[in-house]
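Computed from the coordinates by the stated procedures, all read-outs in this text should not be read as laboratory data. Note that this is a predicted model, so its numbers are computed, not measured.
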Amino acid sequence: MPVTNILAESPSTSTAPSALLTPPKPTKSLIILLAGVPGTGKTTLGNALLGNLGLTHHISTGFLRAAIDPYLPPHQSRLLRRHAFDAYELLDPTTLHPDNYVIQGTIAQTDLLRPVIRTCLERARREGIGLIMEGSHFIPGIIDPEEFGVDLLCVLDVPNRDELKARALSPNHQNRHLSSWDLDRLIILQDQLLAMARRHDHPIVPNVDLDRAVKEVTHLALNNSPG
């Protein structure tokens, strides 16, 4: 049967409610960004928060990087494939500041990710999806929660740096091979993320005890959300 006849004879086309033809109105649900380097427990905490807050979606910037990588020019693809703590090596060395060169590479990656981060967050806000996003790229002062319609951006930390290094090498990251130099730069990046959080007045949440961290982020999210 021709397509035109199918459409003409379909009873649903003539009686379809107007709501189906109208874009859904924006609704309200919590959107939380968890920042911090590998080993700070973003994924573990994010999974725990899903159940505690009744949220439904959890995405990491690692998956966003993989999703857009094939569509980037080669030089941008090479930059995005780097670790957040060593991406600076592909930047023009004359542009690097001796006090914050590590985070400059992470910021360059964030600039590439910004459009896809914005798209994900806009969809979540528009459709009322409870969402947790995590990654080293949610840098306070670079990602503005108000601009992106986010309820909470916080930086996770493991104050004991030896413990943080051990966590970064845990089975959760079994396919990630980091040298001692890599781990040193990972710590540098974490310290710079914390400095940005303090400078821009974003909360820092110690993630040593999972239950306490869940309670703290839950409290922050519910009290920070305008709705």
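Just how far, in whole angstrom, is the stretch 147-226 from the stretch 34-99 if you go by their alpha carbon centroids?
Between the Cα centre of the stretch 34-99 and that of the stretch 147-226, the gap is 13 Å.
Name the residues whose placed amide hydrogens come within less than 5 Å of the amide hydrogen of Gly141, ignoring near sequence neighbours (fewer than 5 apart) on the same chain.
none
Using amide H atoms built 1.01 Å from N in the peptide plane, name the residues 5+ places from Glu134, or on other chains, whose amide H lies under 5 Å from its own.
Correct list: Leu34, Ile59, Ser60, Thr61.
Show that you can apply the helix-only estimate: for the chain, add -39,500 (n - 2.57) for every DSSP H stretch of four or more residues, divide by all residues, and state [θ] at 222 nm to the nearest 500. Provide the component values of the computation, followed by the final result.
Numbers: 10 runs with 114 residues, N = 227.
After summing the helix terms and dividing by residue count, I get -15500 deg cm²/dmol.
Among rounded, prolate and oblate, which fits the chain when a ≥ b ≥ c are the square roots of the eigenvalues of its C-alpha gyration tensor, a/c under 1.5 means rounded, and a/b larger than b/c means prolate?
prolate
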